[in-house]
Amino acid sequence: MKGRQIFKKYKIIINIFETLGRLLPTFMWNLLWVSVINSESKLSLFVRYLYVRKYSASCGDNIYIGQGVIIKNIQYLELGSNISIHAYSYLDAAGRINIYNNVSIAHHSSLISFDHTWENSEIPIKYNKVVKGKILINEDVWIGCGCRILSNVTIGSRSVIAAGAVVKNDVVSKTLVGGVPAKEIKKI
């Protein structure tokens with residue numbers, strides 16, 4: 001049985017747990033997140049889904065969050081439905097991240113919605129101003145393993161980002177891109 005089918009079958013039970021979860025204080029949810037972060041059990045996947053559903057700006061149905069996934073600034077993360085974010089990926093939504101329906105993000109990928117500046121030479125670079133920029137991933141996108149999606153990027157629908165690519169510019173719909181920096185390989 002696929003995730004969508006399981007989700008549909010148990011939707012009522014999921015809604016009950018989601019409602020009960022509203023009663024838990026944030027420190028309990030954070031404790032739950034930490035306790036299930038390194039497990040691939042169905043219970044761990046369920047707890048991670050409920051956590052993202054509770055704390056993100058918006059979250060659809062059938063969301064898979066793999067083990068070891070780090071999500072920072074979750075309150076600025078918007079997720080559609082049927083999304084998989086695989087093991088050890090890193091998302092920092094400080095500048096906002098929108099991921100639409102039917103997107104798969106392979107393991108060890110990073111989405112970083114801000115950038116450091118180095119304009120003020122009087123202070124170390126790490127203390128210079130941070131510039132936020134939105135990441136928008138449209139429907140039906142596959143992001144290969146080890147990719148880096150940087151701020152101010154829109155990925156068009158039905159696109160594929162090849163493994164190891166660094167995406168710093170917009171990706172046109174129905175395109176396969178790859179490389180560092182990512183460039184169009186072919187239309188799909």
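Nothing in this text is a laboratory measurement; each read-out follows from the coordinates by a stated rule. Given the structure is predicted, the values throughout are model-derived calculations rather than measurements. Cβ sites come from the backbone with ideal geometry, for glycine too, and all protein chains shown count toward neighbours.
Counting only helical runs of four or more DSSP H residues, what would the 222 nm mean residue ellipticity of the chain come to if each run contributes -39,500 (n - 2.57) and the total is spread over all its residues?
Mean residue ellipticity at 222 nm (helix-derived): -7000 deg cm²/dmol.
Among Asn82, Ser58, Asn120, which residue has its Cα furthest toward the positive end of the charge dipole of region 3-187, with +1 on Lys/Arg Cβ and -1 on Asp/Glu Cβ?
Asn82
Candidates [x] 44, 37, 31; [y] 50, 46, 24; [z] 83, 45, 30; which is the computed Cα extents along the principal axes in Å?
Of the labelled values, this structure produces [y].
Taking the Cα atoms only, what angle lies between the long axis of helix 11-21 and the longest principal axis of the chain, rounded to 10 degrees?
80 degrees
Where in region 126-143 is the amide nitrogen less than 20 Å from a point lying 7 Å along the Cα-to-Cβ axis of Ala163?
141-143
On a 0 to 90° scale, report how tilted helix 26-36 is relative to the longest principal axis of the chain, with both axes built from alpha carbons and the result rounded to the nearest 10.
Helix 26-36 and the main axis of the chain meet at about 80 degrees.
Is the shape of region 1-48 rounded, prolate or oblate, going by the alpha carbon gyration tensor and its root eigenvalues a ≥ b ≥ c, with a/c under 1.5 for rounded and a/b larger than b/c for prolate?
oblate
Multiply the residue gap between Glu119 and Cys145 by 0.36 nm, knock off their C-alpha separation, and tell me the result in nm, one decimal place.
6.1 nm
Separation between the Met28 and Asn128 pseudo-spin-labels, each 7 Å from Cα along Cα→Cβ, expressed in nm?
4.6 nm
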